[in-house]
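See below for the structure under consideration.
The values are calculated or read from the model by the stated rules, or taken from the named source; none is laboratory data. Fair warning: this is a prediction, and the values are worked out from it, not measured in the lab. Methodologically, a virtual Cβ is constructed for each residue, glycine included, from the backbone with ideal geometry; neighbour enumeration extends over all protein chains shown.
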Amino acid sequence: MRNIQKLIAFVLVLLTCSCSTDDLITESNIKTENDKIVNTSPENITSKSNFFPTYSDTQLIVQYKNGTTDPEKNNIRMANGVTNYEVCHCTNKDIELWSFGGVINIEPKRRSIKDQVDDESDTGVLAVDYEFVFGLDIESPFTGTDLDTGYTSYIKEENSGITIAIVDSGIATGLTVFNTDTMANKILFNADGVAVGDEKSGWDFVDEDANTFDDNEGKHGSIIANMITNELTTNAIPHQILPVKVSNSLGQASYFNFLCGTLYASERADIVSISMGWYDDGFGESLESIFSNIVDANPTTIYVTSAGNLSSNNDMLRHFPSSYEQENVIAVASANEDTSKISNFSNYGVLSVDFFAQGEGISFYDVFVQGTSFAAPQVTIEAAAIFYEDGILSPEELKDELSIRGSVVLESFTDLGDDISRDTYFNKLIIPFD
């Protein structure tokens, strides 16, 4: 039955993809955020669909069991014909990107490595994933200034309150929204004592340096950072933003950089904001993944994720990472500007979506943006406020409190009939500080 549902959903998505995205634009100065995948990828990437992963046929990602020694890792690489490898810029060095010196038959290779997993052994390979590319919106108009003015003056002298990592396109601190009367607002995480290399705050996994400048033309990560820090500052909630850059100027993110960025954030943050994603195409084993292992290894870290923008049911066609089933993953769908209805572009799901929040009419300079990417930060804001008021709660306790504070959506909220829950524990509407 599950496969039949996925097939039906796949057909529906293809029909959706054949339509113009212009119907998501409600005003001439509104830009729409879509979970698109860039198809202008290198020759070693096989393109599948705008909304699905774009796979590498030269690389795989491997995770070792904790405690696997360097000599053991070296022997495993040699046995599998690895010609080059990269490790994450993290305290944990158990995730590696393997290259094989050229194009290979990727699925048999992945299967042969997976067959080496020994449940009886305390060391060795734990998991193996495909390497792929996915992305943010790549058609966003230019927003704000493109000047990289540096970031060190925005770092807090000492961390206090709630640490929120934003795994995205970085943050352009030179934008006026991050400054008051030409003075830098000190909002960034101070990495003193936890730095892996020369970072002072966060890390750029795209360019492999300490400057997390947001060079995405739509300033995707900067908008999210501004939403969160502006609301928390206004309401006197102490916090710091940990910028983790995993997508490039075109909005492309590799899965390896995404994994490394998520791991890096998980080692430091109370809440991890993830407003990007990809769809289950049936090719990989998405639920049994290295990302899932990272979430499992950090059960008290909260991952607030966007649910995607295909107007589809995530119960049938999974959107990741929002469709991971762990309690500490919160999936957020979008409501319209006055929060009276579900956004026409928003994904939904009784089982796979936890909450709704405003994702339309979000102002940033002289434009308005919309998308589940901008609904998710609303829940991040409310979660941070709860943590500040009540202390760090378990994921179950946090969801309980969010549900108490949330509003039950009305019958008129959606025309989707029984496809969506209106009065159950989840799928409630969150309005920060309401």
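Does the range 213-228 contain at least one residue that is under 11 Å from Gly170 (Cα atoms), touching a Pro at 6+ places or on another chain (Cβ under 7 Å), in contact (Cβ under 8 Å) with a residue 60 or more places away in the chain and outside any helix (DSSP H, G or I)?
Among the residues of the range 213-228, not one is under 11 Å from Gly170 (Cα atoms), touching a Pro at 6+ places or on another chain (Cβ under 7 Å), in contact (Cβ under 8 Å) with a residue 60 or more places away in the chain and outside any helix (DSSP H, G or I), which makes the answer no.
Please give the strands (runs of 3 or more DSSP E) falling wholly within the range 232-297 in which 1 or more residues are of a type outside the set (Gly, Ala, Ser), modelled with pLDDT under 95 and under 15 Å from the mean Cα position of the chain (by Cα).
Answer list for the range 232-297: 252-254.
Kindly provide the set of residues from the range 163-177 that are among the aliphatic types (A, V, I, L, M) and in a strand (DSSP E or B), ordered by number.
The first filter runs over the range 163-177 and keeps only residues among the aliphatic types (A, V, I, L, M), leaving 164-167, 171-172, 175, 177.
Ile164, Ala165, Ile166, Val167 - these are the residues of the range 163-177 that are among the aliphatic types (A, V, I, L, M) and in a strand (DSSP E or B).
Of the conditions (1) assigned to a loop (DSSP other than H, G, I, E, B); (2) among the aliphatic types (A, V, I, L, M); (3) modelled with pLDDT of 95 or more, Met316 satisfies every one except a single condition; which number is it?
(3)
Out of the range 106-124, which residues are in a loop (DSSP other than H, G, I, E, B) and without any contact (Cβ under 8 Å) to a residue 40 or more places away in the chain? Step through it out loud before you land on a result.
Step one: filter the range 106-124 for residues in a loop (DSSP other than H, G, I, E, B), giving 115-124.
Those that are in a loop (DSSP other than H, G, I, E, B) and without any contact (Cβ under 8 Å) to a residue 40 or more places away in the chain: Asp115, Val117, Asp118, Asp119, Glu120.
Out of all the residues in the range 51-71, which are out of contact with any strand residue (DSSP E or B) (no Cβ under 7 Å at 6 or more places or on another chain) and surrounded by 16 or more Cβ atoms within 10 Å (Cβ to Cβ)? Step through it out loud before you land on a result.
As a first pass, look at the range 51-71 and keep what is out of contact with any strand residue (DSSP E or B) (no Cβ under 7 Å at 6 or more places or on another chain): 66-71.
If the condition is that a residue be out of contact with any strand residue (DSSP E or B) (no Cβ under 7 Å at 6 or more places or on another chain) and surrounded by 16 or more Cβ atoms within 10 Å (Cβ to Cβ), then Thr68 is the only one that fits.
Only one of Gly124, Gly150, Gly102 is surrounded by fewer than 21 Cβ atoms within 10 Å (Cβ to Cβ) and modelled with pLDDT of 95 or more. Can you tell me which?
Values: Gly150 fails: modelled with pLDDT of 95 or more; Gly102 fails: modelled with pLDDT of 95 or more.
Every option except Gly124 fails the conditions.
Among the listed residues Ser340, Ser334, Ser346, Ser363, which satisfies the condition of being over 25 Å from Ile290 (Cα atoms), in a strand (DSSP E or B), in contact (Cβ under 8 Å) with a residue 24 or more places away in the chain and among the hydroxyl-bearing types (Ser, Thr, Tyr)? Full working, then the answer.
On the way: Ser340 fails: in a strand (DSSP E or B); Ser346 fails: in a strand (DSSP E or B); Ser363 fails: in contact (Cβ under 8 Å) with a residue 24 or more places away in the chain.
Ser334 is the lone residue from the list that is over 25 Å from Ile290 (Cα atoms), in a strand (DSSP E or B), in contact (Cβ under 8 Å) with a residue 24 or more places away in the chain and among the hydroxyl-bearing types (Ser, Thr, Tyr).
Can you tell me which residues in the range 397-424 are among the small types (Gly, Ala, Ser), at pLDDT below 55 and crowded, with 16+ Cβ neighbours inside 10 Å?
First pass over the range 397-424, keeping only residues among the small types (Gly, Ala, Ser): 403, 406-407, 412, 417, 421.
Those left that are additionally at pLDDT below 55: 417, 421.
The answer is Ser421, and nothing else.
Which residues, taken from the range 363-377, are surrounded by 24 or more Cβ atoms within 10 Å (Cβ to Cβ) and more than 12 Å from Thr339 (Cα to Cα)?
Keep residues of the range 363-377 that are surrounded by 24 or more Cβ atoms within 10 Å (Cβ to Cβ), which gives 369-377.
Within the range 363-377, Val369, Gln370, Gly371, Thr372, Ser373, Phe374, Ala376, Pro377 meet the criteria.
Return the residues of the range 81-99 that are within 19 Å of Gly67 (Cα to Cα), buried (at least 19 other Cβ atoms within 10 Å of the Cβ) and of a type outside the set (Asp, Glu); say none if nothing qualifies.
Result: Cys88, His89, Cys90, Ile95, Leu97.
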